[in-house]
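Chemist: Before I ask anything, let me first share the structure, which is written out below as C-alpha cells.
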Amino acid sequence: MSTLTHAVALTVGSSIGKKALVAVTGAVLAGFVLGHMIGNLLIFAGPDAINEYGHLLQTMLHGMGVWVARIGLLACTVVHVVLTVQLTRENRAARPGRYGYDATIQATRSSRTMIFSGLTLLAFIVYHLMHFTLRVGNEYATYKTTLHGEQVHDVYRMVIDGFSWWPASVFYLIAMAMLCSHLSHGVSSMFQTLGLSTPRTMGTFRMVGRAYAALIFGGNAFIVLAVWFKWVH
Amino acid sequence: MPSLFRNFYLKTSMARTLNLHLKIWRQPGPDAGGWFQEIEASEIPETASFLEMLDIVNQKLISVSGDPVVFDHDCREGICGTCGMVINGVPHGPQRGTTTCQLHMRTFNDGDTIWIEPFRAKAFPIIKDLMVNRSGFDRIMAAGGFISVRTGAAQDANALPISKEAADSSMDAAECIGCGACVASCKNASAMLFTAAKAGQFNMLPQGQPEKHRRVLGMVKTMDEAGFGNCTNQYECEAACPKRIGVRWISKLNRDYTLAVVHDTLLAPVGKGGGEG
Ligand code: SF4
Ligand code: FES
C-alpha cells in the first residue's frame, strides 16, 4: 500500500481519524465565523467602513482572494458535514436496542443536539448564501455607491434592507441560537478530539467554548436587532 | 453487653426491609425478542447488595418453577468487572464510582420502581436476560493491550527509572476493570474510555514505548471493527465508570493516535532509526 492510501485509510477509515478531520474543519469554520462577525460589526462604523471592507474582500489578490476563501470554506464544510453525518449514522447503528428507561448523567443538551443544530445551520448557510452572496429574489446586486470616486457595492444598504423584513431577521436569530449551541459543545470538543486537553486545561477549554459561542451569538444578533430597532438605518 | 456494641447490634439486626416494583428485561436468547417483566420484590433487607436482591428474587422464581433472571457476576467485591446491568437508565445504578455488586439496597426507598436492563450495544450482543457478550473487549486487548516481555533473567529493578507521576498516572488508567459500563452509558455505545484506559496504562510507562504506535493503531482499529460507536465528547462514560476513569485518557488516546499515524505514514517509511517509540 502506498504511503498516501495508507494515510487516508488511517484517517478517513478510522473513528479517531474522522473525528480529527471534523475537529480541524470545525476549527476553520469557527474561526471564519469570528472573522465574518468582526467584519459585519463594521456596520456600526458607518456605510463607508463596511463598504470599503466589502470592496477589499472582493478585490483582494486581484479578486482571487475571495475565491480561495470560498473554495477553502466549501471544502471544509463538505468534509465537516459528510463526516459528521456518517459518524452519526454509525453511532445510531451502534445502539440498535433502545433503553426502556432512558437517562442522561452529565451530557449537555447542546452536545446531544449537534446533528440537529448542525443540519439547521447547513440549511441556514444555503439560505444565507442565496440571500446575500447569490442575491436570489432581490435587487441587492444593483445596490451601488461611490467610495473614493469609485463605484462599489453598497453592502451597508443591503444589510439594512436584508434585515428589515422580519421573517428573515427571525430566521437569522434562530440560526444564531443554533450556532451558539453548536459552538458551545464544538469548540471545547475540538481540543479533546485533537488530544490537546489535559485534566488541568479541560475546564478552561469548556469555558472558552461557551464564551466563544456567547460572543458569536451576541455580536451577530446585535446586528440584526440594531437594524430591526433602527439603531442603524 | 457494652452499649456501643449493643447499639451496633441493634442497628444491624433491625435492618429496614424494602418492597420494590422491578421491571426486569427478559430475553430468552440472542435472537429472541425481549420484554420487561414486572416482578414484586418484597421484604428485601436494605443491607443486601443489588445482586443479593436479585438472588432473593431468583430464589422465589425457582421455588415456583419460574425461569430465574440470568445475570453476570463473579467477585462481588467490585474488582473483577463481571457484573453490570443498567439500573434506572444508569449502568451500575445511581451511586457514583460503584459496581452493581457493591451497590446496596439502602440506596433505594421502599416502594421504588426499579428498571433493570442489560448493557445495550451492537458490539455487546445479549446472551440471555441481563447477560451480554463482551468479547469485543477481549479482541481490543488482544490487539495491543499488553507489553511483550522476552524471557530471560529479570533486570535490576533500578535499571529502569520511572517517575512517580508516570507510575501513579499509569495506575489510574490500570484501575479499569473492563466492565463495559462506559459503552453502556455512552449515547453512541463507544468504547473509547475502555480502550483509552487500556492503551494509556502502557503508553505512560517506558516498558510500553517500543510497541506504543502499533498498540494504539491496533486497538483503535479493532475497536472500530467490533461495531462500537464514535465518541462525541459527552463524558457519560466517565460519570458511569465504577472506577472513575477520567476522559483525559480519551484525550491522550486521540493524541497518541495522531502521533502513531504520523509515525506510521511519514517517519517509518523513510526508516527512522532506533525503536518505534
Ligand atoms: S473504563 Fe470504567 S466503565 Fe469502562 S470498562 Fe473500564 S472500569 Fe468499566
Ligand atoms: S462481580 Fe466483580 S465487580 Fe461486580
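The values are calculated or read from the model by the stated rules, or taken from the named source; none is laboratory data. As the structure is a computational prediction, the values presented were derived from the model and not from experiment. In this analysis, Cβ positions are derived from the backbone assuming ideal geometry, glycine residues included, and neighbour counts consider all displayed protein chains.
Chemist: Being among the basic types (K, R) and within 12 Å of another protein chain (Cβ to nearest Cβ) is the filter; apply it to the range A:151-207 and report the residue that is surrounded by the fewest Cβ atoms within 10 Å (Cβ to Cβ).
Modeler: A:R200
Chemist: Out of B:F108, B:F71, which single residue is within 12 Å of ligand 2 (Cβ to nearest atom), in contact (Cβ under 8 Å) with a residue 12 or more places away in the chain, of a type in the set (F, W, Y) and farther than 20 Å from B:S190 by Cα?
Modeler: Result of the check over B:F108, B:F71: B:F71.
Chemist: Tell me, yes or no, whether the range A:108-120 has at least one residue that is of a type in the set (A, V, I, L, M) and away from chain B (no Cβ under 14 Å).
Modeler: Yes.
Chemist: Is it true that some residue in the range A:74-89 is of a type in the set (G, A, S), assigned to a helix (DSSP H, G or I) and at the interface with chain B (Cβ under 9 Å from one of its Cβ atoms)?
Modeler: Checking the range A:74-89: not a single residue is of a type in the set (G, A, S), assigned to a helix (DSSP H, G or I) and at the interface with chain B (Cβ under 9 Å from one of its Cβ atoms).
Chemist: If you don't mind, there's one more thing I want to ask. Take the residues in the range B:81-92 that are on the phi > 0 side of the Ramachandran plot and within 11 Å of ligand 1 (Cβ to nearest atom); name whichever of them is farthest from the other protein chains (Cβ to nearest Cβ).
Modeler: B:G81
Chemist: Also: May I ask you to list the residues in the range A:1-42 that are in contact with a Phe, Trp or Tyr (Cβ under 6 Å, 6 or more places away or on another chain), of a type outside the set (G, A, S) and away from every other protein chain (no Cβ under 14 Å)?
Modeler: Listed by number, the list holds a single entry, A:L42.
Chemist: Using the structure shown, decide if A:V85 is of a type in the set (V, I, T), within 20 Å of the chain's Cα centre (by Cα) and within 30 Å of B:V132 (Cα to Cα).
Modeler: Yes: the conditions hold for A:V85.
Chemist: Looking for whichever is away from every other protein chain (no Cβ under 14 Å), without any contact (Cβ under 8 Å) to a residue 12 or more places away in the chain and within 16 Å of ligand 1 (Cβ to nearest atom) here; the options are B:S170, B:S135. Which one fits?
Modeler: Answer to the check: B:S135.
Chemist: Let me ask something else. Can you give me the number of residues within the range B:162-191 that are in contact with a strand residue (DSSP E or B) (Cβ under 9 Å, 6 or more places away or on another chain) and assigned to a helix (DSSP H, G or I)?
Modeler: Number satisfying all stated conditions: 5.
Chemist: Same structure again: Which one is surrounded by the fewest Cβ atoms within 10 Å (Cβ to Cβ) among residues in the range B:93-131 that are aliphatic (A, V, I, L, M) and away from chain A (no Cβ under 11 Å)?
Modeler: The qualifying residue surrounded by the fewest Cβ atoms within 10 Å (Cβ to Cβ) is B:I127.
Chemist: Whether any residue in the range A:123-144 is over 22 Å from A:G54 (Cα atoms) and within 22 Å of the chain's Cα centre (by Cα) is what I want to check.
Modeler: yes
Chemist: Okay, next question. Does B:I114 qualify as being modelled with pLDDT of 95 or more, hydrophobic (A, V, I, L, M, F, W, C) and in contact with a Leu (Cβ under 8 Å, 6 or more places away or on another chain)?
Modeler: Against the criterion (modelled with pLDDT of 95 or more, hydrophobic (A, V, I, L, M, F, W, C) and in contact with a Leu (Cβ under 8 Å, 6 or more places away or on another chain)), B:I114 qualifies.
Chemist: Considering only the range B:57-80, state which residues are of a type in the set (A, V, I, L, M) and either away from ligand 1 (no atom under 16 Å from the Cβ) or not assigned by TED's automatic domain parsing to the domain that holds B:W35 (or both).
Modeler: Answer for the range B:57-80, where residues must be of a type in the set (A, V, I, L, M) and either away from ligand 1 (no atom under 16 Å from the Cβ) or not assigned by TED's automatic domain parsing to the domain that holds B:W35 (or both): B:V57, B:L61, B:I62, B:V64, B:V69, B:V70.
Chemist: Now, a different point. In the range B:184-205, which residues are among the hydrophobic types (A, V, I, L, M, F, W, C) and either more than 16 Å from ligand 2 (Cβ to nearest atom) or touching a Pro at 6+ places or on another chain (Cβ under 7 Å) (or both)?
Modeler: Correct list: B:A184, B:C186, B:A189, B:A191, B:M192, B:L193, B:A196, B:A199, B:F202, B:M204, B:L205.
Chemist: Would you check which residues across the range A:95-135 are closer than 24 Å to A:H80 by Cβ, part of a loop (DSSP other than H, G, I, E, B) and free of Cβ contacts under 8 Å to residues at least 24 places away in the same chain and list them?
Modeler: A:R95, A:A107, A:L134
Chemist: Where residues in the range B:134-161 are surrounded by 14 or more Cβ atoms within 10 Å (Cβ to Cβ) and assigned to a loop (DSSP other than H, G, I, E, B), which of them is nearest to the chain's Cα centre (by Cα)?
Modeler: B:R134
Chemist: Answer yes or no as to whether A:A103 is surrounded by fewer than 17 Cβ atoms within 10 Å (Cβ to Cβ) and closer than 25 Å to A:S14 by Cβ.
Modeler: It is false that A:A103 is surrounded by fewer than 17 Cβ atoms within 10 Å (Cβ to Cβ) and closer than 25 Å to A:S14 by Cβ.
Chemist: Would you tally the residues in the range B:221-259 being of a type in the set (G, A, S), facing chain A (nearest Cβ under 7 Å) and over 17 Å from B:T99 (Cβ atoms)?
Modeler: Count: 4.
Chemist: Go through the range A:121-142 and report how many residues are touching a strand residue (DSSP E or B) at 6+ places or on another chain (Cβ under 9 Å) and surrounded by fewer than 16 Cβ atoms within 10 Å (Cβ to Cβ).
Modeler: Final tally of qualifying residues: 1.
Chemist: Shifting gears a bit: In the range B:74-99, what residues are within 6 Å of ligand 2 (Cβ to nearest atom) and touching a residue at least 40 places away in the same chain (Cβ under 8 Å)?
Modeler: B:G78, B:I79, B:C80, B:G81, B:T82, B:C83, B:T99 - these are the residues of the range B:74-99 that are within 6 Å of ligand 2 (Cβ to nearest atom) and touching a residue at least 40 places away in the same chain (Cβ under 8 Å).
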